[in-house]
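Enquirer: I have a structure here, written as structure tokens, and I will follow up with some questions on it.
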Amino acid sequence: MCVALLFAFCVQSNAQYKRRGETLQTRGNKTAKPKKPDYTIAQFKGKWQEFERRNRADSSIVSFNDSIQLYFIDTIKVRTRTSIMTSLTMDGEAEIGNDNLLTVAADEYTVKSLKDGELVLDDGEKFIHRMRKLDTFWY
């Protein structure tokens with residue numbers, strides 16, 4: 001019984017793309033020449049919170065209760081967590097690479113747009129995340 005519960009938990013958990021000491025996996029077309037980033041980390045400075053999540057497959061809005069929070073402290077430091085009070089806070093480095101690939105702590109997103117205090121991120125798997133720049137996070 002315990003083994004079945006452990007297996008069910010492991011199947012439901014979301015793995016990070018990067019673990020300490022490992023290199024990040026990059027997604028996308030490996031044969032195309034990489035495009036230089038359109039953004040700099042300085043443009044992201046501040047607090048960003050997810051307010052909308054869409055399914056990548058059909059662009060339908062998905063309900064969620066674990067709003068992503070990103071706090072770009074300076075040009076290399078970022079703090080990530082979700083709006084659930086018991087969630088794990090992760091501090092790490094922020095980096096923007098070719099093809100607008102944004103690395104925040106242990107997660108990777110493709111930046112789709114950044115304008116007027118709104119940031120659109122593609123997680124490359126299931127969702128498009130729309131975020132707003134805020135003075136204070138809400139829970």
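The values are calculated or read from the model by the stated rules, or taken from the named source; none is laboratory data. A quick note: this is a predicted structure, and the numbers were derived from the prediction, not measured. Positions of Cβ are backbone-derived with ideal geometry, glycine not excepted, and every protein chain shown enters the neighbour counts. For accessibility, only protein heavy atoms count, side chains too; no ligands or nucleic acids. Shrake-Rupley method; radii C 1.70, N 1.55, O 1.52, S 1.80 Å.
Enquirer: Using only the Cα atoms, work out Rg/Rh for region 55-131, with Rh taken as the Kirkwood radius, to two decimals. Let's see the in-between values first.
Expert: Numbers: Rg = 12.6 Å, Rh = 13.3 Å.
Taking Rh as the inverse mean 1/r over Cα pairs, Rg/Rh reads 0.95.
Enquirer: A follow-up question, please. Using 18 Å as the cut-off for backbone N distance, which residues of region 39-64 belong to the label zone defined by a point 7 Å from the Cα of Met90 along Cα→Cβ?
Expert: Once the point is set 7 Å along Cα→Cβ of Met90, 48-50 turn out to lie under 18 Å by backbone N, inside region 39-64.
Enquirer: Now, a different point. If you place +1 on the Cβ of every Lys and Arg and -1 on the Cβ of every Asp and Glu, how big does the dipole about the Cα centre of region 76-139 come out, in debye to the nearest 20?
Expert: The dipole magnitude comes to about 300 debye.
Enquirer: I'd like to check one number: the per residue accessible area of region 37-139, probe 1.4 Å, reported in Å² as a whole number.
Expert: 55
Enquirer: Going 7 Å from the Cα of Asn55 toward and past its Cβ, which residues in region 105-135 have a backbone nitrogen under 16 Å from where you end up?
Expert: Residues 125-129 qualify, since their backbone N sits under 16 Å from the label point.
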